[in-house]
Amino acid sequence: MTQQLTPQLTLALSKGRIFEETLPLLKAAGIEVTEDPETSRKLILPTNDPAVRVIIVRASDVPTYVQYGAADFGVAGKDVLLEHGGEGLYQPIDLNIAKCRLSVAVQDGFDYASAVRQGARLRVVTKYVKTAREHFAAKGVHVDLIKLYGSMELGPLVGLSDAIVDLVSTGGTLRANKLVEVEHIMEISSRLVVNQAALKLKRERLQPILEAFEKASQANA
Ligand code: ATP
Ligand code: MG
């Protein structure tokens with residue numbers, strides 16, 4: 001059996017904006033992904049560095065792969081990390097990519113402020129149940145949270161909810177569905193997450209990559 005001398009590093013990324021916006025950071029670390037996940041059906045992508053591979057997973061699954069060490073490191077949104085809880089993850093760098101905000105929105109014409117003032121119990125649909133619960137609890141707003149996995153904007157339009165908690169960047173989707181932002185919960189960007197054991201055992205290999213990422217991501221700040 002041949003022995004592998006260089007430790008294999010596995011990076012977990014999700015398709016779409018996180019993959020696209022991580023490419024320049026990888027490039028700064030001398031790593032180039034040699035296949036395009038949008039056209040390839042492969043879930044494990046090689047890079048120009050034989051010791052580094054990229055796995056393509058669902059955005060919300062990135063922390064899980066890294067937590068269990070199936071990936072040594074990964075890139076995940078703050079939204080995803082807050083819902084996951086971050087156990088077993090070292091989060092050294094804000095990469096300043098995939099920037100957006102987490103907001104409360106309601107149908108245009110719904111008087112959110114007076115509903116809250118009157119202590120009404122509001123129904124809210126969201127993918128971010130944990131973060132939303134903490135936000136409304138801190139504000140003393142009474143809510144019934146309903147978990148959805150997508151198309152949150154539909155909730156108020158079909159009478160499922162009074163409000164939504166979702167990510168907003170340009171606001172175009174909200175406008176197209178006659179919704180308005182009424183509360184800004186937090187700014188969101190993507191972070192680098194590293195498996196805690198990998199950080200110790202593969203430090204020599206990981207450290208230069210983390211440094212290159214840190215330096216390159218400052219340009220996005
Ligand atoms: P899936 O599409 O597989 O259900 P997802 O919708 O969470 O998952 P993306 O839409 O690719 O996946 O979002 C991945 C991450 O990018 C999010 O967790 C968030 O941090 C960030 N993000 C989401 N929407 C936006 C946006 N409109 N602008 C900028 N960043 C965003
Ligand atoms: Mg999506």
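The values are calculated or read from the model by the stated rules, or taken from the named source; none is laboratory data. Computed from a prediction, not measured in an experiment: that's the story for all the values here. Counting neighbours? That spans all protein chains shown, and the Cβs are built from the backbone with ideal geometry, glycine included. Keep in mind that these areas ignore ligands, DNA and RNA; they rest on the heavy atoms of the full protein, side chains included. Shrake-Rupley method; radii C 1.70, N 1.55, O 1.52, S 1.80 Å.
Structure above, values below:
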quantity: Solvent-accessible area of S189 with every protein chain in place, 1.4 Å probe, in Å² to the nearest 10; calculated: 10 Å²
quantity: The stretch 1-156 - charge dipole about Cα centre, Lys and Arg +1 at Cβ, Asp and Glu -1, debye rounded to 20; calculated: 500 debye
quantity: Anisotropy class of the stretch 101-144 from Cα gyration tensor, a/c 1.5 cut; calculated: oblate
quantity: Residues with amide H under 5 Å from that of V57, placed H, sequence gap 5 or more; calculated: L13, S14, K15
quantity: The chain: angle of helix 129-139 to the longest principal axis, Cα-based, in degrees nearest 10; calculated: 50 degrees
quantity: Under-5 Å amide H pairs with V104, H placed in peptide plane, nonlocal only; calculated: V182, E183, H184, I185
quantity: Amide H contacts under 5 Å for L122, placed H, 5+ residues apart; calculated: H142, V143, D144
quantity: 3J(HN,Hα) from dihedral phi, the stretch 31-39, Karplus parametrisation 6.51/-1.76/1.60, rounded to Hz, x for glycine, proline; calculated: 10, 10, 7, 8, 9, 9, x, 6, 10
quantity: Where M152, M186 fall by accessible area, highest first, once all protein chains stay in place (1.4 Å); calculated: M186, M152
quantity: Charge dipole of the stretch 162-221 about the Cα centre (unit charges at C-beta), most positive-ward option of Q196, A219, G172; calculated: Q196
quantity: Rounded Å value of the spacing that divides the Cα centres of the stretch 140-187 and the stretch 21-72; calculated: 31 Å
quantity: Gain upon complete extension [E35, R58; 0.36 nm per residue less C-alpha separation]; calculated: 6.5 nm
quantity: Whole-Hz ³J(HN,Hα) from phi, Karplus 6.51 cos²θ - 1.76 cosθ + 1.60, for the stretch 83-99, glycine and proline x; calculated: 5, 5, x, x, 4, x, 10, 9, 10, x, 9, 8, 7, 6, 10, 6, 7
quantity: Acute angle (nearest 10 degrees) that the helix 17-28 long axis makes with the longest principal axis of the chain, alpha-carbon atoms; calculated: 30 degrees
quantity: The chain, Cα convex hull volume normalised per residue, Å³; calculated: 136 Å³
quantity: Leading residue at positive end of dipole, the stretch 1-141 (Cβ point charges), from I18, A29, Q8; calculated: I18
